[in-house]
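Q: Below: one structure in structure tokens.
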Amino acid sequence: MKLVTDTLTENLRKLTVDGVVYGWRVTHRPRPAAPHKACVDQLMAFRQGTSRAPLRILFPAGPAGGPEYIQRHGVVEIRASSITLNLHRPKTVAALIQRALDLGWSTKPMLVEDGFSFVSALPAAVREQLAESLSKG
């Protein structure tokens, strides 16, 4: 028997930003069309009750940065800002949701294909608060 799950609620976490509840999750997938088996981490969030209008922020491996997926799932290196970001941290997700809201995300889906630039446009103080240190070993 095959188990069918709703992809919007599978592994969903909840977070409140400015009194509004959001569902969110982080996924890691290979990109079949990409050269050298490149991978992409994706943050997907949506306001409770508006699952048809998700925010999707992609972090594809490439010159701008890439997932540190061998070390830790959901951790991305943002080369332009010289930081490592953990997409599983609620404070990180809250900051990215807030930025999307500031850019007009509300009742229509928003796709950010370059999550690295999206993060690099955050104020420096916010990026510093979100930065993670990776201990390799």
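The values are calculated or read from the model by the stated rules, or taken from the named source; none is laboratory data. These numbers come from a predicted model, not from an experiment. Using ideal geometry, Cβ is built from the backbone for each residue, glycine included, and neighbour counts are taken over all protein chains shown.
Q: Which residue pairs have Cβ atoms under 7 Å apart, sit 6 or more places apart or on different chains, and have a first residue in region 48-60 that is under 15 Å from Ser106 (Cβ atoms) and a second that is among the polar types (S, T, N, Q) and assigned to a loop (DSSP other than H, G, I, E, B)?
A: Thr50/Thr107; Ala53/Thr107
Q: Can you find a residue that is at pLDDT 95 or above, part of a loop (DSSP other than H, G, I, E, B) and surrounded by 12 or more Cβ atoms within 10 Å (Cβ to Cβ) anywhere in region 111-128?
A: Checked against the condition, which is being at pLDDT 95 or above, part of a loop (DSSP other than H, G, I, E, B) and surrounded by 12 or more Cβ atoms within 10 Å (Cβ to Cβ), region 111-128 yields no hits at all.
Q: Kindly state which strands (runs of 3 or more DSSP E) lie completely within region 1-110 and contain at least 3 residues that are modelled with pLDDT under 80.
A: Of the strands (runs of 3 or more DSSP E) lying wholly inside region 1-110, those with at least 3 residues that are modelled with pLDDT under 80 span 65-67.
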